[in-house]
Amino acid sequence: MMTEMTMFAYERARGVLFSLGMALPILYGAISHHYLQAAFMSLGALLALLLDPRSQALKQIAAIVMGVLAVILAAALGLTLVGHSQLAIAALMLFGFLAGQPKPEHAYWGLLGKYLATALLLAQLGFPASMAVGVAYFYGALLALLLILIQGWLYQTHEIAHSPNDEFFQIIKGDTNGPLYGLTLPLTILAATISADWLHVTQPGWVGLTILFVMHINDRLSWHHLWDRIVGTLIGIVIAYLVVRYMDQLGQTLFVALFAFWIPYSLRTSYLLFSLAITVTVMVAINFALLPNGDLHLMSWRFVDTLIGCFWVAIALIVTHGIHAAKGVKPGK
């Protein structure tokens with residue numbers, strides 16, 4: 001087992017990877033003016049770094065490449081289903097159900113399931129999706145994979161790795177969150193997305209994303225996540241707005257590097273800090289994708305989306321808690 005000090009030292013090394021993986025593409029975009037491709041390279045690197053099972057090199061390569069390609073295919077499916085509302089809803093229900101099955105200890109499949117559902121949802125709702133974007137996303141993941149392999153060569157650690165293979169077979173054998181949570185997750189996303197569309201929210205897909213990453217099988221943890229998500233997102237949006245409004249592209253690159261550095265540490269210690277760091281890095285990257293004009297209104301809408309998503313998570317928690325109480329089942333069991 002790693003001590004607190006060695007864990008922080010390792011997370012510091014991981015933080016450097018997140019900084020380089022997310023900031024280098026943004027720097028490339030600032031120099032080349034290929035803003036859209038640079039932004040999605042940065043987001044692809046983020047996914048690869050989060051998916052990393054931190055195992056042997058071959059397992060890392062297979063897990064990251066297959067995971068990123070699966071997310072790209074999910075986005076392609078979402079794009080294909082645009083204009084076919086019934087099929088789109090059916091796909092969302094299926095992907096949402098599957099995303100809700102992995103338990104918290106199934107780190108790889110839990111995250112990948114959420115990203116698959118997110119990619120499908122965002123593509124259906126008009127988020128930029130094209131062959132060029134998919135290629136850029138994949139290139140960003142390859143950059144992150146190269147950094148991961150270099151770190152593994154330079155920095156040895158005794159951290160206990162998680163195995164996507166073992167997780168998969170555990171899920172197949174029935175070690176899951178169960179059908180109630182699996183159905184609650186996509187139904188909550190569907191209800192929230194419809195309400196966001198009714199409210200004429202500019203980017204309703206972010207509402208579903210909030211639900212995917214805030215809802216938790218454990219009621220108590222979800223309630224904490226609600227508050228942390230709202231506060232972290234609000235602070236993050238204020239910082240991202242100031243960065244985009246007053247910083248040049250080099251300054252934006254430095255801020256992405258700075259906040260990306262804290263993602264590995266915050267994943268273990270504070271969901272509020274994680275929400276703040278992710279919000280700043282992702283919102284600056286997304287605004288970068290919209291250059292040369294940018295879209296500062298996106299910042300305010302992102303917070304509105306978070307509020308709507310958290311509201312529906314609260315509704316879902318109340319309903320599922322009532323069902324658990326009626327059945328005499330403790331939350332999270």
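Numerical summary
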quantity	calculated
Label-point separation in nm, His33 to Lys327, each point 7 Å along Cα→Cβ	5.9
Derived scalar couplings ³J(HN,Hα) [the range 232-242; Karplus, 6.51 cos²θ - 1.76 cosθ + 1.60; whole Hz; x for Gly, Pro]	x, 5, 4, 5, x, 5, 4, 5, 4, 4, 5
Carbon plus sulfur fraction of accessible area for the range 205-315, probe 1.4 Å, in percent	72
Pairwise Lys count, the chain - Cα closer than 20 Å, eight or more residues apart or different chains	5
Carbon/sulfur fraction of accessible area - the range 18-67, other protein chains in place, 1.4 Å, %	74
Diffusion constant of the range 173-246 at 37 °C, which comes from Stokes-Einstein with the Kirkwood Cα-pair radius and 0.692 mPa s, µm²/s	231
Entry for Cα extents along the principal axes in Å (calculated from the structure that is shown) out of [x] 62, 49, 34; [y] 51, 50, 33; [z] 58, 49, 35	[z]
The range 114-257: translational diffusion in µm²/s, Stokes-Einstein, Kirkwood Rh over Cα pairs, 37 °C, 0.692 mPa s	174
For the chain, size of Cβ-based charge dipole, Lys and Arg +1, Asp and Glu -1, in debye	360
Radius 14 Å from Cβ of Ile211, net charge of other residues (Lys, Arg +1; Asp, Glu -1)	+1
Label-to-label distance, nm, for residues given as Val238 and Gln86 (7 Å Cα→Cβ offset)	4.9
Computed [θ] at 222 nm, helices only, for the chain once each DSSP H run of length n ≥ 4 contributes -39500 (n - 2.57)	-27000 deg cm²/dmol
Charge dipole (the chain, unit charges on Cβ, about Cα centre) - positive-most of Ala326, Trp312, Ala132	Ala326
Taking N as its residue count, the alpha carbon Rg of the range 1-152 over 2.2 N^0.38 Å	1.11
Rg and Dmax of the range 181-333, Cα atoms only, in Å	16.7, 57
Ranked by how many other beta carbons lie within 10 Å on average, peptides 189-200, 138-149 from highest	138-149, 189-200
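The values are calculated or read from the model by the stated rules, or taken from the named source; none is laboratory data. A quick note: this is a predicted structure, and the numbers were derived from the prediction, not measured. Here the Cβ is made from the backbone with ideal geometry for all residues, glycine too, and neighbour counts use every protein chain on show. Each accessible area value is taken on the protein alone, full model and side chains, heavy atoms only, with ligands, DNA and RNA left out. Shrake-Rupley method; radii C 1.70, N 1.55, O 1.52, S 1.80 Å.
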